[in-house]
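Q: I am attaching a structure below and will ask some questions about it afterwards.
The values are calculated or read from the model by the stated rules, or taken from the named source; none is laboratory data. As the structure is a computational prediction, the values presented were derived from the model and not from experiment. All Cβ positions, glycine included, derive from the backbone under ideal geometry; neighbour counts span all protein chains shown.
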Amino acid sequence: MSQRLTNVLQRLAATIEARKGGDPSVSYTAKLLNDPALAAKKLGEEAVETVIAAVAQGPDALAAESADLLYHWLALMAASGVSLDAVAEKLEAREGTSGIAEKASRKG
């Protein structure tokens, strides 16, 4: 990951965190943070829009939709009380494991 993206995501996560307890009538982020189900729904919508951009709209649209997707993912994590460190821990635990093996380990 580029250092630039890392820095932007850190600033965005901090901004989202700062919106906790904000007025949902004046802050879209506060609205998402106040309603994890809404945050999840919006993330799903952005995921679909990202897929559409990837297959039909070109690199600029994909970059724009990816930005929306990352924002909504960070908002959902914050709304749900899931720390980014918890996500990192899960990713670290999977390092060095093939995707096929990792997925098989989650079954039954």
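Q: The conditions are (1) part of a loop (DSSP other than H, G, I, E, B); (2) surrounded by 11 or more Cβ atoms within 10 Å (Cβ to Cβ), and Val26 fails exactly one of them. Which is it?
A: For Val26, the exception is condition (2).
Q: Of the conditions (1) surrounded by 11 or more Cβ atoms within 10 Å (Cβ to Cβ); (2) assigned to a helix (DSSP H, G or I), Asp60 clears all except one; give me its number.
A: (1)
Q: Assuming Val48 fulfils every condition listed in (1) of a type outside the set (Phe, Trp, Tyr); (2) modelled with pLDDT of 95 or more; (3) over 11 Å from Leu76 (Cα atoms); (4) in contact with a helix residue (DSSP H, G or I) (Cβ under 8 Å, 6 or more places away or on another chain) apart from one, which condition is it?
A: It fails just one condition, (4).
Yes/no matrix, rows are residues, columns are (1) more than 13 Å from the chain's Cα centre (by Cα); (2) assigned to a loop (DSSP other than H, G, I, E, B):
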| position | (1), (2) |
| --- | --- |
| Leu12 | no, no |
| Thr15 | yes, no |
| Gly21 | yes, yes |
| Ala47 | no, no |
| Val51 | yes, no |
| Glu65 | no, no |
| Leu70 | no, no |
| Ala75 | no, no |
| Asp85 | yes, no |
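Q: Here's another thing I want to ask about it. Here is a list of conditions, (1) of a type outside the set (A, V, I, L, M, F, W, C); (2) touching a residue at least 24 places away in the same chain (Cβ under 8 Å); (3) surrounded by 13 or more Cβ atoms within 10 Å (Cβ to Cβ), and Asp68 meets all of them except one; can you say which number that is?
A: Against the list (1) of a type outside the set (A, V, I, L, M, F, W, C); (2) touching a residue at least 24 places away in the same chain (Cβ under 8 Å); (3) surrounded by 13 or more Cβ atoms within 10 Å (Cβ to Cβ), Asp68 comes up short only on (2).
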